[in-house]
Amino acid sequence: MVVLFLSSLHIIKSMDPAKTAKDIKSMKVRGALKIAVAAAGSLGDYEKTYKGNQDKFLKDLEKKGEILKKARPSAVSLPNAVNYVLYLAENTPDRNELVGKINEFIIEQKEALKKIGKIGAKRIEDGDTILTHCNSMTALEIIKVAKEQGKKIRAVATETRPRHQGYISAKFMAKYKIPVTLIIDSAVRLTMGKLDVDKVVVGADTVCANGAVINKIGTSQVALVAKEFNVPVICACETIKFSPETMLGELIEIEDRDHREIRSPMPGVKMLNPAFDITPAEYVDVIVTEDGIISPYMAYEVLRDKFSWEIKELKQHG
Ligand code: RUB
């Protein structure tokens, strides 16, 4: 079994792809970067124990990949990671070499996270109060590095209903001795003014070709309020989260999760539980990637540079 070290704080045990898909669906493994790494790692493990011939292996790997891709439909890091492993498998007949390439991909993701932390921290100033929404390890990496650089920063973490991932962020920042205030999601507008928020730092599940950012439900409301207060919105996002499909006109499905996550059913009451929302490019100041800081309007260029391998395949298969 491969144990993937994403950072000293996060350890993901790689396992069978079907089990990994289950864990992603149930959110035992969550966050766009971690699910991508877990998916790639599980396909790598599957590959290592596979006994059949190459043709059958590729077909079976594809089937496992399809199961994984369906687990969280709004996070494009997942299909991107799976498609990349499939692409590697098709082009790497030597199985040992393939394991090496999958591991390389995973290490690159770990390095991307670190680079984003370093690059993004330059945008955080001494004395800043930073608001973050949900739990993005990439957004938190920027905040953590800024603190390590000796900047005196404060933070605000939204609770993030209904799954309360904001608690994880708040605990993380408290652990790093960053003074942090936890607020309910509906207190964002009041707090933005009252606590003099200087910057919003959030993660992303997907960046579309038009620069729109898909992230945890409520991100677009936070960005709207930030715009009203002239507070820059910094999105921390590895390029694995950019969506090549959107270049060809596809839309990203917004995952509607089990309504019981909100509360138990009430007779005569319909419930909706969308897990993500879309923040248009005009509400995002910068996207911090491992390759540097870009305007969201440069998403198309990132896709062209980084995903030529996938775009070619997508065009071929209509
Ligand atoms: C998590 C979420 C995070 C992004 C980025 O949603 O929206 O902001 O996934 O996270 P969920 P990271 O809890 O539903 O997975 O930066 O860790 O990849």
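A few comments on the model shown:
- Estimated inter-spin distance, Asp256 and Glu148, nm [label 7 Å along Cα→Cβ]: 4.3
- Most fluctuating residue given options Ser295, Ser264, Ser136, as computed from a GNM of the chain linking Cα atoms under 10 Å: Ser264
- The Kirkwood hydrodynamic radius of region 149-226, based on inverse pair distances between different Cα atoms, is 13.5 Å.
- Relative contact order of region 158-216, defined on C-alpha pairs under 8 angstrom at six or more residues apart (%): 23
- The label point for Tyr87 and the one for Leu314, both projected 7 Å from the Cα toward the Cβ, are 1.0 nm apart.
- Net charge of the neighbourhood of Gln54, taken over other residues with C-beta under 14 Å away and scored Lys/Arg +1, Asp/Glu -1, is -3.
- Set of aspartates and glutamates with alpha-carbon distance to Lys144 below 15 Å, sequence-local pairs under 8 removed: Glu125, Asp126, Asp128
- For the chain, the Kirkwood hydrodynamic radius comes to 20.0 Å, computed from all pairs of different C-alpha atoms.
- Short-range pairs are left out: with C-alpha atoms under 8 Å and at least six residues apart, the relative contact order of region 21-94 is 41 percent.
- The C-alpha atoms of region 3-111 occupy a region whose extents along the principal axes are 36, 26, 21 Å, arranged from largest to smallest.
- Entries in Lys19/Lys64; Lys34/Lys216; Lys70/Lys115; Lys118/Lys147 that, when Cα-Cα distance is taken, lie over 19 Å: Lys70/Lys115
- Backbone N under 12 Å from the Arg189 label point (7 Å along Cα→Cβ), restricted to region 212-238: 221-222, 224-226, 228-229
- Footprinting exposure proxy for Asp45, Asp291 (fewest neighbouring C-beta atoms within 10 Å first): Asp291, Asp45
- Candidates Ala155, Ala226, Ala187: whichever shows maximal mean-square fluctuation once the chain is modelled as a Gaussian network with Cα springs under 10 Å: Ala187
- For the chain, built as a Gaussian network whose Cα springs stay under 10 Å, the top-fluctuating residue of Gln149, Gln109, Gln165: Gln149
- One Cα centroid belongs to region 231-268, the other to region 28-100; the line between them spans 22 Å.
- Taking other C-beta atoms within 10 Å as the exposure proxy, Val82, Val222 rank Val82, Val222 from fewest upward.
- CD proxy at 222 nm, helix term only [per DSSP H run n ≥ 4: -39500 (n - 2.57); per residue of the chain; nearest 500]: -14000 deg cm²/dmol
- Inter-site label distance for Ala18 and Asn103 at 7 Å from Cα along Cβ, in nm: 2.8
- Flagged links, alpha-carbon separation over 23 Å, of Lys22/Lys48; Lys122/Lys152; Lys22/Lys177; Lys22/Lys241; Lys25/Lys101: Lys22/Lys177; Lys25/Lys101
Read the figures in this text as sums done on the coordinates, not as results from a lab. Because the structure is a prediction, the values reported are computed rather than measured. When we count neighbours, we look across all protein chains shown, and the Cβ atoms used for this are built from the backbone with ideal geometry, even at glycine.
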